[in-house]
Amino acid sequence: MKRPQVLLVNPWVHDFAAYDLWARPLGLLVIASRLRRLGWEPRFVDCLDADHSVMDAAKARPHSHGRFVKTPIQKPAPLYGVPRTFSRYGADPAVIEKDLLSISRPDAILVTSIMTYWYPGVAETIRLLRKVFEGVPLLLGGIYASLLPHHALAHCGPDEVIVGPGESMLPHALYRHTGFASTSLEDEAMFEFSAALDLMRRVKFLPLITSRGCPLSCAYCASRKIFPYFVKREVSAVIGEIQAVRSRYGISDIALYDDAFLIDPPGHALPILEAAAVGLSGMRWHTPNGLHASAISPKVASAMKRAGFETIRIGVESVSDEFHNRTGGKTDRLSFLSAVTNLLDAGFSREQIGAYLLVGLPGQSRGQIEDDVDLVLKAGAFPKLAEYSPIPGTLMWYEAVGSSPYPIETEPLFHNCTLLTAAEPGVDSKFLQGVRTRISEYVMLTELQHIGK
């Protein structure tokens, strides 16, 4: 019997800026893996694919990350007053349409989504899919769809919006729209981890997830809202996947996508790191999602070094104890300082240790931002400023609504971090550029002093 075909699509991004930091549509590829074992035949189109034959400008990017190819487009009406160029990131629509026409008509289409303010790119993608595959059931999932399902249904036009993890809901939704009943997987785990990497045009690194969800409930984060559980993989499954992908594709890099890799190090991260140090020599690990500072003990830092960690990002958000006390207690100043010291003692350099700092938060002063930056620099790490984006459903969302001059409740375009929509007066792009310049000058001076010794 012929297997039903499902087309999975990673949509365009419409924004003022977008950067590929070890980014792959892992959630979509994980769903593809599950559907394949449920009896479906997955196909995949990535509008952002840096390895597409037309993306020559992207192929020279080092380390599998860099700027996406972009095309300037007209700004949406609510953003007309913003004096910046608005672009479509990804391949030209004519190229994607040609790719779609080369695929046999699917029985169903799944589209993912990420940022709430990227919905115009999702809408454009769905319009093209409707044009090429008229009448094919189309379902929309992902972060934006989960946070704002009614908005997604009204403004993007799918047949159905999937909220939250797709493993349990998708088989039933697909049956309703297509009549195809999925193969039973009663002996399978509830949630999927491994991705169908073979659907990608080229595998340059392994986008790895060893756990899903996060047990913390930080006021500025939607992790618990999007995935309300915290589920860890077996160590043997993690190591086995890395070995299999390295053998098949010859990759040397791993991008760790976990939200909470270092929660309970003795029960999860340390066994993985110790097994990797023994059986996965030569692999380089990168942590674009950030690690929890409070868990980076001397033992953990040493294990990270032995396992081959290369790019370390700590999700500290602020070094203010007052901030963490009122937003969920993720870490504190002393824990962050200890984490950096432990990493440096383990042999990591300042260049390898970045600390994400949220800027543009409701009630956050210029002085607090400067204090955060100064402490991170003096600790021996590199501050990475991350502009705050208001996220519906989080506790801080209500603070943002109260402080923003924009109608963020009704127009997701104003969630865009570039706009600093919830920032205090004086915390603007000019100020933040000055802070970034000061960071670069400080690091350069420190390096010169080190060379002179």
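Rule-based calculations on the coordinates, nothing more; no lab input. Quick caveat, the model's predicted, so the values are computed rather than measured. Every residue, glycine as well, gets a Cβ built from its backbone with ideal geometry; the counts of neighbours run over all protein chains shown.
Order these by the 10 Å Cβ neighbour count, fewest first: Phe431, Phe44.
Neighbour counts put them in this order, fewest first: Phe431, Phe44.
Provide the three semi-axes, in whole Å and in decreasing order, of the ellipsoid equivalent to the range 205-452 as defined by the square roots of 5 times the Cα gyration tensor eigenvalues.
Equivalent-ellipsoid dimensions as semi-axes: 31, 23, 16 Å.
Listing Val401, Val340 from the residue with the fewest other Cβ atoms within 10 Å to the one with the most, what is the order?
Fewest to most other Cβ atoms nearby, the residues stand as Val401, Val340.
If the reach is capped at under 15 angstrom between alpha carbons, list the aspartates and glutamates near Lys75, excluding any in the same chain fewer than eight residues apart.
Within the straight-line cut-off, Lys75 pairs with Asp15, Glu124, Glu411.
How many percent of DSSP beta bridges within the chain run antiparallel, rounded to 5?
25 percent
Any idea how far the Cα center of the range 253-313 sits from the one of the range 138-162, in Å?
35 Å
Using label points projected 7 Å from each Cα along Cα→Cβ, tell me how many nm separate Thr85 and Ala17, to one decimal.
Going from the Thr85 label point to the Ala17 one covers 1.4 nm.
Obtain the nm distance between the two label points defined at Val278 and Ser104 by a simple spin-label model: each point lies 7 Å from its Cα along the Cα-to-C-beta direction.
4.7 nm
Could you name the aspartates and glutamates whose alpha carbon sits less than 15 Å from that of Lys2, not counting residues in the same chain fewer than 8 places away?
Glu41, Asp107
By how many nm would the segment from Thr410 to Glu322 lengthen if fully extended, with 0.36 nm per residue of separation less the alpha-carbon distance?
So the extension gain works out to 28.6 nm.
Kindly provide the helix-only [θ] at 222 nm of the chain, computed as the sum of -39,500 (n - 2.57) over DSSP H runs of four or more divided by all residues, to the nearest 500 deg cm²/dmol?
Value at 222 nm, helices only, nearest 500: -11000 deg cm²/dmol.
What's the whole-number percent of alpha carbon pairs in the range 71-130 lying beyond 17 angstrom?
Tail fraction, whole percent: 49.
Roughly speaking, what is the centre-to-centre gap between the range 375-449 and the range 111-131 when only Cα atoms are used, to the nearest Å?
Going from one Cα centre to the other spans 26 Å.
Using the crude model of +1 on Lys and Arg Cβ and -1 on Asp and Glu Cβ, and no other charge, please compute the dipole size for the chain relative to its Cα centre, in debye to 20.
880 debye
With all distinct Cα pairs included, what does the Kirkwood hydrodynamic radius of the range 5-178 come out to in Å, to one decimal, could you say?
16.6 Å
Could you point to the residue in Val316, Phe68, Ser102 farthest towards the positive end of the chain's charge dipole, with +1 and -1 charges on the Cβ of Lys/Arg and Asp/Glu respectively?
Going by the Cα projections, it comes out as Ser102.
Any idea which of Gly90, Ile226, Ser335 is furthest toward the positive side of the dipole for the chain, if Lys and Arg beta-carbons carry +1 and Asp and Glu beta-carbons -1?
The one lying farthest along the dipole's positive direction is Gly90.
What is the packing order of peptides 310-323, 67-80, 88-101, 259-272, taking the mean over residues of other C-beta atoms within 10 Å and listing the highest first?
Averaged packing, sorted descending, gives the order 310-323, 259-272, 88-101, 67-80.
Work out the FRET efficiency for Thr418 and Ala181 from their Cβ-Cβ distance, taking R0 = 51 Å, and round it to the nearest 0.05.
Efficiency computed from Cβ-Cβ geometry: 0.65.
Taking the Cα centre of the range 5-178 as origin and charging only Cβ (+1 Lys, Arg; -1 Asp, Glu), how large is the dipole, in debye to the nearest 20?
180 debye
Could you pull out every one of the lysines with an alpha carbon less than 23 Å from that of Lys204, ignoring same-chain neighbours closer than 8 positions?
Once the sequence-local lysines are set aside, what remains near Lys204 is Lys59, Lys70, Lys305.
Let me check I've understood the local charge: for Ala423, count other residues with C-beta under 11 angstrom from its C-beta, Lys and Arg +1, Asp and Glu -1. What total comes out?
-2
Return, for the Cα atoms of the range 234-294, the radius of gyration and Dmax in Å, separated by a comma.
Both quantities, over Cα of the range 234-294: 11.6, 36 Å.
Only four residue types carry charge here, +1 at the Cβ of Lys and Arg and -1 at the Cβ of Asp and Glu. Report the dipole size of the range 337-422 about the Cα centre in Debye, rounded to the nearest 20.
Dipole about the Cα centre, nearest 20: 160 debye.
As a test of the definition: which semi-axes, in Å, follow for the chain when you take the square root of five times each eigenvalue of its alpha carbon gyration tensor? Largest first, please.
Here the semi-axes work out to 35, 28, 21 Å.
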